[in-house]
Structure formats: structure tokens, C-alpha cells
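Have a look at the structure below before the remarks.
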Amino acid sequence: MKGLQGKNVLVTGASTGIGRAIALRFAQEGANVAINYYNSADEAAETLESVQKTCGSIRDCGVGDLVVQADVSKEEDVAKMFQTVIEAWGRLDILVNNAGIQKEAPSHELEANSFDKIIGINLRGAYLCSREALRHFLSRDGGGSILNVSSVHEIIPRPEYLSYSISKGGMGNLTRTLALEYANKGIRVNGIGPGATATPINDWAERPEEEQQVASHIPMGRVGEAEEMAAAAAFLSSDEAAYITGQTLYIDGGLTLYADFRENWSA
Ligand code: NAI
């Protein structure tokens, strides 16, 4: 893809799933990739192992790799992460806000701590990282690009996932507001809205019969692959998309098309 060769990219939450696939796709396109990961104490070993594996695959593409540990919801962690990347490479061109979590709970039982945690990582984290990226983009020539990994739940309400729905709805306005605010500064801000994708965030990804049940709700009859999300992320961050800003592209097998309208209700 045009314009990704030699660029420096930071992907948050890149040790697994969609973030990992995005990091690898950028490396395949010739970009140097910094991988952010966050390990909670209980999953430390597993996370570090998957980070090392991803770095190995990035190096196999003949580009630079960098590992930056940070909790994206923490302001000081985010500042340190950007400082590390910019000191190492002198310049950052593309930020991918991918880190995200979800938790199921009926809304009337949802605990405030859980609400704060999900909004903190999914939305505050994207804002904190975007702010650092914007400050850097504005400090030098050449603009830059921010790509937000949102969700179909940017526009589809998701009962029992209130904080997740709110975080992704908010991310849509983060994309559009920043895109408008910085359009005349050579900075583009876009999003992708994945549908159901087989990654560790979804319990069903481990269980084929449950995956089938999920797939039955999707017009194209199957769940998505992380690599399909990564292809769109690379496109929107590349010069092929030089005139696109403020858009969320849904990659969802038709999930946002109101599947119930496939057949005539009144027949
Ligand atoms: P995942 O669970 O594999 O990836 C989430 C990543 O975020 C993990 O690597 C995790 O370590 C990282 N993370 C969690 N808390 C963090 C923190 N405080 N700081 C830094 N990193 C942190 O799941 P997946 O599916 O790859 O999710 C990536 C993004 O895609 C998320 O934003 C998610 O909401 C979004 N998405 C996923 C869909 C799916 O069906 N898999 C559908 C729609 C959106």
C-alpha cells in the first residue's frame, strides 16, 4: 500500500488479536512497528510470550520493532510510552488506538468501578494516546494519522455491555471531532468498526459450536478474521486513503445492515 514503507507506527494492545494482526500487517507493508502491551500480574507470562512472538514476526519482515509496556488508561504511562518511541525513532507517523476490554453485566447491576475501568481503557486511553500523538504531529512537519479500533457497537446498542457500548459510541465522536479539528493540519483520523471477530476478547472464539451460533446472526454467515480488520486499518492509514478523514469503516460481514430486513415482514 502506498505511503506505509518506512513509516513509524505505534499500535496499542498489540500482543494479541486484532492489534497483533494490525502490527504484523504494517510490518508486511514495510513500516517499523512499536508494540504496546499491558500485562496484568495474573497473565504476565502469557502476554510477554505473545509479545516476543509478535516481535519475531515483525523482524522477519525486515523492519524495526520496539516494545513499550503501558497501561493506556494511565496518563503517566502514556506520556512515557510516547517519549520512549519518539526517543528511539525520532518520529512517529501513525497511531493505532486498539487496546480494549469488555465485560458483561445487566446494566442495573453494573458496578461503577467496572464502568470506570472499561471507559478508562477503551475511551480515555484512546484520548490520552491521541493527545500525545497530536502534540508530536504538530511539533514537526508532515502531519500524521490516527486509526481508532472501534466496533459495530459504535452504532449498534449492546444490552448488558453498557460501558463497552458507551466507549465505542464515544470513540466514534472522538474520531469525527479530532478529524475536523486537525483536517487542515495534515492529520487524518479514522476508525474501523469490526463485527464479531475470532480473538481472545470473545469466549466463543474457543468453542466452535458457539462460534456457529454467533455466525448465524451475521448476513455473510461467518465471523471475521483479525487479518481482515488489519487490511482495512492499513488502508485507512496509508496514502491510498489520503482524502479520507473522520470515517469509521465497518468490517462486519453485513452486521450493520439490519439483517431482519432480508425478508419481507409483511408477506
Ligand atoms: P484482545 O483481547 O485480543 O485485544 C485487546 C488488547 O488490549 C489485549 O492485547 C490487551 O492486553 C490489551 N489491553 C487491555 N487493557 C489494556 C491497557 N490498560 N493498556 C494497554 N493495553 C491493554 O481482543 P481484540 O478482539 O483483538 O480487541 C482489540 C480491539 O478490537 C478492542 O478495542 C475491541 O473492542 C475491538 N473489537 C473487537 C471485536 C471482536 O469481536 N474481537 C469486535 C469489535 C471491536
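The values are calculated or read from the model by the stated rules, or taken from the named source; none is laboratory data. These numbers come from a predicted model, not from an experiment. For neighbour counting, all protein chains shown are included, and Cβ atoms are generated from backbone atoms with ideal geometry for every residue, glycine included. Note: accessible area is taken over every heavy atom of the protein model, side chains too, but ligands, DNA and RNA are not part of it. Shrake-Rupley method; radii C 1.70, N 1.55, O 1.52, S 1.80 Å.
Structural remarks
- Single residue of the range 177-199 satisfying the filter (among the aliphatic types (A, V, I, L, M) and more than 12 Å from the ligand (Cβ to nearest atom)) that is most open to solvent (accessible area, probe 1.4 Å): L180
- The listed residues are K80, K117, and the only one of them that is open to solvent by 80 Å² or more (accessible area, probe 1.4 Å) and more than 18 Å from G170 (Cα to Cα) turns out to be K80.
- The lone exception for Q5 - which of (1) within 12 Å of the ligand (Cβ to nearest atom); (2) surrounded by fewer than 19 Cβ atoms within 10 Å (Cβ to Cβ); (3) closer than 23 Å to V189 by Cα it fails: (1)
- In this entry, Q52 is excluded by the filter for residues that are over 23 Å from S145 (Cα atoms), under 16 Å from the mean Cα position of the chain (by Cα) and of a type outside the set (A, V, I, L, M).
- Per this entry, T16 is not counted among residues that are closer than 24 Å to L128 by Cα and either more than 13 Å from the ligand (Cβ to nearest atom) or without any contact (Cβ under 8 Å) to a residue 40 or more places away in the chain (or both).
- One residue alone among A99, A88 is under 25 Å from A241 (Cα atoms) and either open to solvent by less than 70 Å² (accessible area, probe 1.4 Å) or in contact (Cβ under 8 Å) with a residue 40 or more places away in the chain (or both), and that residue is A99.
- Test: residue in the range 150-170 that is within 24 Å of G3 (Cβ to Cβ) and in a helix (DSSP H, G or I): no
- Scanning the range 200-248 for residues being within 10 Å of the ligand (Cβ to nearest atom) and at pLDDT below 95 gives a total of 5.
- Residue match in the range 137-147 (condition: touching a strand residue (DSSP E or B) at 6+ places or on another chain (Cβ under 7 Å), part of a helix (DSSP H, G or I) and more than 16 Å from the ligand (Cβ to nearest atom)): yes
- Yes/no for A133 being touching a strand residue (DSSP E or B) at 6+ places or on another chain (Cβ under 7 Å) and open to solvent by less than 20 Å² (accessible area, probe 1.4 Å): yes
- When the criteria are applied in full, A27 fails the requirement of being within 14 Å of the ligand (Cβ to nearest atom), open to solvent by less than 20 Å² (accessible area, probe 1.4 Å) and either closer than 30 Å to P157 by Cα or not polar (S, T, N, Q) (or both).
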